[in-house]
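Just below is one structure, and these are the notes that go with it.
The values are calculated or read from the model by the stated rules, or taken from the named source; none is laboratory data. The structure displayed is predicted, hence computed values, not measured ones. With ideal geometry, Cβ positions are generated from the backbone for all residues, glycine too; neighbour counts draw on all protein chains shown.
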Amino acid sequence: MATRIEPRDPLTQAQGVEQGYAQTARRWPSQPLVRRPHGVAELSGPRDLAHKLPPVKGDLAGYGAKRALGQLARLRIRVLDEDGAPLPGTVVEVWHCNSAGKYIHPNDTHDAPVDPNFYGAARLLTGDTGLIELRTIKPGAYPVPDTGGWWRPPHVHLSVWGRVWLSRLVTQMFFPGEPLNEADAILNAIRDPGARERCVARLVPSKGNEMIFEHQLVVRGRKGAAVLP
């Protein structure tokens, strides 16, 4: 007997189409979704995902002459399910722009400079407590093209791979105290204030030269997906 999947509260999720952000209309379905049953192909695998997507670059900041420009930051991100259990062995992908607000990607037309010592992407594997830790630099803000002056606040992109093909969380982590957070169309597409706050990392005390930010990523738990017959 399959477990009933409890729907998410829509107020805690970003709206599909956001006014003023033209790309959302192109990425969101314009017609109602068609429900189809899930079979073995959707509810099993991929097996040995960490082998297929091996960890890459646990340190994006570098040292000495190879040190990236910007404020050093250490991200401590824990992956839990909604029942509070940590998820060890989970593949987490992280990417963000450099301290000037520039991505290393041909689609980024912002005229900010590229940092030759900053790659901007990592893939990590959670430990026994569901934790990943990444040494990097704090990303900068940048203007969004064709939006009449909207600037994205500093943020980090995150992708969490689940244990079945259909299970993947793609989200963003924001930084506390950033004035641009209040006007960001993506963050404020989440209508529930408490849910928005959960997208903002927590700054913790540090004795070194790195700012330390802690954050949690919560995925579905035992009631999150149907079980195989």
Notebook entry, point to check: Which residue, of Ala73, Ala61, is within 30 Å of Arg191 (Cα to Cα), of a type in the set (Gly, Ala, Ser) and modelled with pLDDT of 85 or more?
Noted result: Ala73
Notebook entry, point to check: Going by the conditions given, is Ala73 within 24 Å of Val170 (Cβ to Cβ) and surrounded by 17 or more Cβ atoms within 10 Å (Cβ to Cβ)?
Noted result: yes
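In this structure, does Thr136 turn out to be hydroxyl-bearing (Ser, Thr, Tyr) and part of a loop (DSSP other than H, G, I, E, B)?
no
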Next item on the list: Check Gly101, Gly130, Gly140 and return the single one that is surrounded by 15 or more Cβ atoms within 10 Å (Cβ to Cβ), touching a His at 6+ places or on another chain (Cβ under 8 Å) and at pLDDT 95 or above.
Entry: Gly101
Note to self: Gln19 - would you say it is touching a helix residue (DSSP H, G or I) at 6+ places or on another chain (Cβ under 8 Å) and of a type in the set (S, T, N, Q)?
What the structure shows: no
Note to self: Quick check on segment 72-90. Is at least one of its residues part of a loop (DSSP other than H, G, I, E, B), under 28 Å from Pro145 (Cβ atoms) and not aromatic (Phe, Trp, Tyr)?
What the structure shows: no
Item checked: Only one of Arg191, Arg196 that is without any contact (Cβ under 8 Å) to a residue 24 or more places away in the chain, basic (Lys, Arg), farther than 21 Å from Pro88 by Cβ and surrounded by 13 or more Cβ atoms within 10 Å (Cβ to Cβ) -> Arg196
Notebook entry, point to check: Just checking, how many residues over segment 18-51 are touching a residue at least 60 places away in the same chain (Cβ under 8 Å), among the small types (Gly, Ala, Ser) and not in a loop (DSSP other than H, G, I, E, B)?
Noted result: 3
